[in-house]
Each structure stands twice: as structure tokens, then as C-alpha cells.
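Here is the structure we will look at, set down as C-alpha cells.
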Amino acid sequence: ATELAQAASPIQGQLTLEHFRKGSPRGCYDRATRNQWAVVDAHLHIRPFGGLPVPFDELTQWLHRAGILFYNAFGIGQRLPVDSDCTYYLDCPGTPITPSIKNDMFNAQAVLDEKALMSTVLGPVVTLSMSFPDLDHPEQIVPQMKLLDKEFPGMFGWMGELNVVKQALFNNSQGYPVPLDIVNQWAPFMQELREKDIAVGFHSDLGNDAEPLKYLPLMDKILELYPDNKIVWLHLGGLSLQLNPLPPVLLAAPLYADEHADIIRERLRRHPNLMIDLAWDVLYKELYTDPKKRKLYVQLLNEFPTRFIPGTDFVAAVTKPEEEYRLELNQTSDIFKDVSDAAFRNIALGENYFRLRSSDYSAPPVC
């Protein structure tokens, strides 16, 4: 523990924004007496693909009760048809979804409408994310960024979740891999993001069980072409339902968890602006519940404690209860019980997120 942590007394009661203000007498976070959930949800979809969302005031109260003090409000950059009764694309294969800016507009207005509710010491402090970009048509992105900024000046501080390749959407006529020659044409909007100091989160599947590294060259090309952008590779480096890393064994067959961890390790070393997000309960079900796999990813987080951010990837459809959000937060935070104090403070208590946001907030020390 640091001298600062040793000198501080443990924080009592509920965490508040006051404990994250630089220079305030805030105490230290005692991991032994708390649930060790993340206080940041950097990957929360506050509207679904179709149908009604959880009412924004109700969702805010869920976050208060869960201890979430900071979050990114993601839209979903694709919408189901207006005449569809479906709320989740996997439930309606064959129904096409199309890129849309609507969710981003709805989210911004919701934040404005409920400003008073979020003005207490429980926050949460919300960062709106631009989810609209269609990466196959980069020429449309900067004009739409300017439109959002005109309608909601200075309110959008993040971009994502943007689909480079998302196999789960193939049955809905979306998510196909962006051609490499199109990635070269992203320069204008990537420059706009750099100038505004905005991070961008990419959903870029690594591959599938048949071809585990099929799409890795796409992410490598993005990192090579745009080294100065703050890039977040979502879902622990491109994991998906189509790819489940197996426990490490001696045989060199499909993709093993140690190989996957090394792929991430290699890219973190090569690209200092790359960050990895830990969102999605599938990570818990496929990786964290297997002791052999879990150990590998704990080692990775401890080795690179400044390069990961937390998130749930919860999609706030009105059909979901509060318990489901709490379950997903619990599962995506589960690995934090085993990481070092440095990794815990940087990831779960949000220091990496604050740095990525160039924020005035700072995580309290760990006792």
C-alpha cells in the first residue's frame, strides 16, 4: 500500500463523488469490507435495438443503488425496423437492422431531461457516446458528428460501440467486416476524434471457433494506421459467442486462452494508446469461471494495470429487471477480486477511465 493509503482511514458508508475529487479528504477503499464491484460502467447501452428502454430516471436509480458513479451512455448505432415488435436482434434473425443516429439523439435529450436527478453526490457522471457511425461509409461521419455537436454542444465525449466486424449481426444483414481499403478512408473522423480528445471503442471480433484469428488483421490495420488515437478494443480483445478460448493445453489446436492473452499482451506492448474493455457477461461465463483461464487473465490485468477499463454491456430494454443489471455488474466485476491493488484502483475504481477521459476526477487509494 502507498504511504497515502496507509495514512488514510477506510471510507465508511456509500461511496460518493466526493471520494473521487482530487484534493478532498476522501479516505481509502478497503477491499476486505466491500463488494469490489466497479464504480464505472464504461459500456452501458441505455436504449435497446428496438422497443422501449428502461425509463431513464429509473435506470439512474438502479445505478445509484449499484454504486455506479460514472458511466458511458452508449446508444446502439443500428435500429430494428420501426414496424418490428422485436427488441433484440438475436430474437429475430432475418430482420434487417440499419445504421441510425436516433439513439444518440434520444440519449442526449434524456440526459438533459433528468439533469437534476444526477446532480447529487451519487451522480452518476454520464458521458454520452456517439454510436451512430457506419464504418463502411466514413464520409458521413464527420458531418453527423458536427450535427450532434450543434444540437447538443459539448455533450458527447466518447464514440462507440462501432462495429468493425460483428458476426452476431450477420443474420440481420449487418456486422460484416469493413474492407481494409475502407479503413484507410477513416482518417478525417479519426483526426476529428484526436483533436477533440475523444476515445473510440471498436467491436472487432477476433474470429470464430473454426478460424480463431480470421479478423485479427483488421484490428492490426486500424492500430497501425491510427497510432495516436485513443482506441478501445471491446470485449477483452474481440471475444464473442462465436469464439470461446479453451483452457491452455500442450496441443496447438483452435485458440487457447494463453494464446489469446498473448495476442492482447503483444498489442498492448506495441500500441501505447490501445486500451481493452472488460465488458460483457460472456467473459464471466467463458473465462472467469474456469480457474485455469481466470489465472491467465488476472496475470494480464496485473501486468498491464493501466490498460483496461470496466463495463457491463448491459442493454437497458424495459423487459429487463434491475436484478439483471446487478447480476451483469457482479459477473463482469468478478475478476477484480483477484487482481493486485494497483490494477483494482486503476480499473475497478476508474483511474484508467478518468485518464482516458482527461477527467478532473481521481480514484481514491486502496487501503
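The values are calculated or read from the model by the stated rules, or taken from the named source; none is laboratory data. These numbers come from a predicted model, not from an experiment. Neighbour counts run over all protein chains shown; Cβ positions are idealised from the backbone, glycine included. To get the accessible areas, we keep the full protein, side chains included, count just its heavy atoms, and leave off ligands, DNA and RNA. Shrake-Rupley method; radii C 1.70, N 1.55, O 1.52, S 1.80 Å.
Conditions first: (1) touching a strand residue (DSSP E or B) at 6+ places or on another chain (Cβ under 9 Å); (2) in contact (Cβ under 8 Å) with a residue 40 or more places away in the chain; (3) at negative phi. F304 passes all but one, so which condition is the exception?
Unmet condition: (2).
Restricting to the range 16-45, give me the number of residues that are over 30 Å from L162 (Cα atoms) and crowded, with 21+ Cβ neighbours inside 10 Å.
Looking only at that region, the number is 3.
When you check A317 against the structure, is it under 19 Å from the mean Cα position of the chain (by Cα), under 23 Å from Y71 (Cβ atoms) and modelled with pLDDT under 95, yes or no?
Taking the combined requirement at face value, the residue satisfies it.
Going through the range 100-132 one residue at a time, which ones are at pLDDT 95 or above, part of a loop (DSSP other than H, G, I, E, B) and not β-branched (V, I, T)?
L122, G123, P124
Could you list, in sequence order, all residues of the range 195-215 that are over 22 Å from H45 (Cβ atoms) and at pLDDT below 95?
Hits for the range 195-215 are G207, N208, D209, A210, E211, P212, L213, K214, Y215.
What number goes with the only condition from (1) in a helix (DSSP H, G or I); (2) among the hydroxyl-bearing types (S, T, Y); (3) open to solvent by 40 Å² or more (accessible area, probe 1.4 Å); (4) under 30 Å from Y226 (Cβ atoms) that Y284 does not pass?
Exception for Y284: condition (4).
Say whether the condition of being of a type in the set (D, E, K, R) and exposed (fewer than 15 other Cβ atoms within 10 Å of the Cβ) is met by at least one residue in the range 124-135.
no
Among the residues of the range 22-78, which ones are assigned to a loop (DSSP other than H, G, I, E, B), at pLDDT 95 or above and in contact with a Cys (Cβ under 7 Å, 6 or more places away or on another chain)?
If the condition is that a residue be assigned to a loop (DSSP other than H, G, I, E, B), at pLDDT 95 or above and in contact with a Cys (Cβ under 7 Å, 6 or more places away or on another chain), then D30 is the only one that fits.
Quick one: in the range 247-274, which of the residues that are touching a Phe, Trp or Tyr at 6+ places or on another chain (Cβ under 7 Å) and among the aliphatic types (A, V, I, L, M) is modelled with the lowest pLDDT?
Result: V249.
So K337 passes all but one of these: (1) under 22 Å from L356 (Cα atoms); (2) surrounded by fewer than 23 Cβ atoms within 10 Å (Cβ to Cβ). Which condition number does it fail?
Going through (1) under 22 Å from L356 (Cα atoms); (2) surrounded by fewer than 23 Cβ atoms within 10 Å (Cβ to Cβ) one by one, K337 breaks only (1).
Would you mention how many residues in the range 187-234 are open to solvent by 50 Å² or more (accessible area, probe 1.4 Å) and closer than 10 Å to M159 by Cβ?
1
Within the range 264-281, restricting attention to residues that are part of a loop (DSSP other than H, G, I, E, B) and among the hydrophobic types (A, V, I, L, M, F, W, C), which residue is farthest from the chain's Cα centre (by Cα)?
Looking at residues that are part of a loop (DSSP other than H, G, I, E, B) and among the hydrophobic types (A, V, I, L, M, F, W, C), I get W280.
Any chance you could count how many residues in the range 20-38 are in contact with a His (Cβ under 9 Å, 6 or more places away or on another chain) and closer than 28 Å to N107 by Cβ?
Within the range 20-38, residues that are in contact with a His (Cβ under 9 Å, 6 or more places away or on another chain) and closer than 28 Å to N107 by Cβ number 0.
Somewhere in the range 346-357, is a residue open to solvent by 10 Å² or more (accessible area, probe 1.4 Å), part of a loop (DSSP other than H, G, I, E, B) and touching a Phe, Trp or Tyr at 6+ places or on another chain (Cβ under 9 Å)?
yes
Which of the residues that make up the range 22-64 are touching a Phe, Trp or Tyr at 6+ places or on another chain (Cβ under 9 Å) and acidic (D, E)?
Scanning the range 22-64 gives a single hit, D41.
What is the number of the single condition among (1) open to solvent by 50 Å² or more (accessible area, probe 1.4 Å); (2) not in a loop (DSSP other than H, G, I, E, B) that M145 does not meet?
Condition not satisfied by M145: (1).
Run G157 past the list (1) of a type outside the set (S, T, Y); (2) at pLDDT 95 or above; (3) touching a Leu at 6+ places or on another chain (Cβ under 9 Å); (4) open to solvent by 30 Å² or more (accessible area, probe 1.4 Å) and report the number of the one that doesn't hold.
(4)
Do you know which residues across the range 297-320 are part of a helix (DSSP H, G or I) and surrounded by fewer than 22 Cβ atoms within 10 Å (Cβ to Cβ)?
Within the range 297-320, V298, Q299, N302, E303 meet the criteria.
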